[in-house]
Structures are given as structure tokens and as C-alpha cells.
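Scroll down for the structure; my scribbles are underneath it.
The values are calculated or read from the model by the stated rules, or taken from the named source; none is laboratory data. Computed from a predicted model, the values in this text were never measured in an experiment. Every residue, glycine among them, receives a Cβ derived from its backbone with ideal geometry; neighbour counts consider all protein chains shown.
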Amino acid sequence: MWSKETFKLQDKVIGGGFIYLRGFKEDQQVHIVCIYSPCDIQNKRLLWETIKQLRNPHNGGLWSILGDFNNVRHPAERTGNCHRGDGDSSIKEFNDWIDDLEVEDAPWVGRKFTWFRPNGSAKSKLDRFLVSPEWIAKWPDTTQSTLDRNFSDHCPILLRSRFIDWGPKPFGFWIVSFRIVPSKELFMIAGHLRS
């Protein structure tokens, strides 16, 4: 699945609605939790509590919690006909859980919605990457984005964490020369500029 030189897996836990991986990347402890959350609030609460219990004894290191949370963080993350009745209380509980875990949405680039009802009558942002402040400190250019949807009603999401240390910035002068070759088009453009 990945190069053992890139990520050294130390531990994994597979539970109801999640897969937890703990390992090392560049001598830094990394925790990755992949989530597929149930739709009903009671089972969401059970999953959220389980993830909190995983986080507590392993508080250090870099954390990324990702997947289909089947929940929005703000009413603006959902548009159209939605038949779920958990509404604002579910949003508050989800945000409280995120705060308790001390993680945050990685900055989002591009399209906002990740789930679409097949007939187009509703769309929501249900999928996301939540990362720890330590993750952002290690990789400050981290962003997440929505990719094109194919056969699923969910769009894949992508996390990019790029930081390249090119070393000291070189100092120098660039000497640039331009050679202009007269042409009919150049004279036409110059004529329009004068008018």
C-alpha cells in the first residue's frame, strides 16, 4: 500500500466505521483515522466516542482524521432537499467533537460540496480531512480539495501536504534581452494603442 521507507506502520485498529493507523514518517509519529460514519445520530455518537478514546492515550504526534462523516459543520455546507431530522443539534455535536479532538479542517481549495443526490436536488460537504495543529506546523502548505465524481454519489477528496526546503535562497541578477521582430500584427497593435 505504501513504501516502508516512507511510512513505518506500528499499529492498526479496525472497528465499526473506522480504521486507525499509527506509524512513523521521518521519525515523527503519525496517526491516521479513516472514517465511514453512520447516518443516524446515535451511532455517530458511538463512533465519535470511540475515536476520542483512541486519541486520548496517543495525544502526541501528527493526526489526520478523514473520510465520510455524514455530517456538516455549518448549515451552508448543505443545500437542497434533505430529509434528515438531526439538523442544528447534530452540527453542534459534530463541532464539539472536533474541538475535543483538537483537530481542524485543513484549508479547502476548489469545489465546496463532496456529496450529490443523483437527481441533483441536494448537495452537502460530508467528506473532509481534519488535521492536528502539529500536522499544519509540520506541513504548513497542507490543503484539501474535491476531485471529480465518477460512479459514486461522493466525490473523492485529496490532501496535499507540500513543503520543500530548497536550501538558502540564491541572490543574483537576471539579465534579460528581448528581440522584437517587426511584423504586420505588431504595427497594427501599435496603431490601435495610439488611437
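Overview of results
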read-out: In segment 46-82, residue modelled with the highest pLDDT [restricted to those that are in a strand (DSSP E or B) and of a type in the set (Ser, Thr, Tyr)]; value: Ser64
read-out: Gln42 vs. criteria surrounded by fewer than 14 Cβ atoms within 10 Å (Cβ to Cβ), out of contact with any strand residue (DSSP E or B) (no Cβ under 8 Å at 6 or more places or on another chain) and either in contact (Cβ under 8 Å) with a residue 12 or more places away in the chain or not in a loop (DSSP other than H, G, I, E, B) (or both); value: yes
read-out: Qualifying residue in segment 95-106 (condition: in contact (Cβ under 8 Å) with a residue 24 or more places away in the chain, in a strand (DSSP E or B) and under 22 Å from Thr142 (Cα atoms)); value: yes
read-out: In segment 1-22, the residues that are surrounded by 17 or more Cβ atoms within 10 Å (Cβ to Cβ) and not in a loop (DSSP other than H, G, I, E, B); value: Phe18, Tyr20, Leu21, Arg22
read-out: Qualifying residue in segment 23-35 (condition: in contact with a Gly (Cβ under 9 Å, 6 or more places away or on another chain), assigned to a strand (DSSP E or B), more than 21 Å from Trp115 (Cα to Cα) and of a type in the set (A, V, I, L, M)); value: yes
read-out: In segment 128-163, the residues that are part of a strand (DSSP E or B) and in contact (Cβ under 8 Å) with a residue 40 or more places away in the chain; value: Arg128, Phe129, Leu130, Val131, His154, Ile157, Leu159
read-out: Residue among Lys112, Lys52, Lys125 that alone is in contact with a Lys or Arg (Cβ under 7 Å, 6 or more places away or on another chain), loosely packed, with under 13 Cβ neighbours inside 10 Å and free of Cβ contacts under 8 Å to residues at least 60 places away in the same chain; value: Lys112
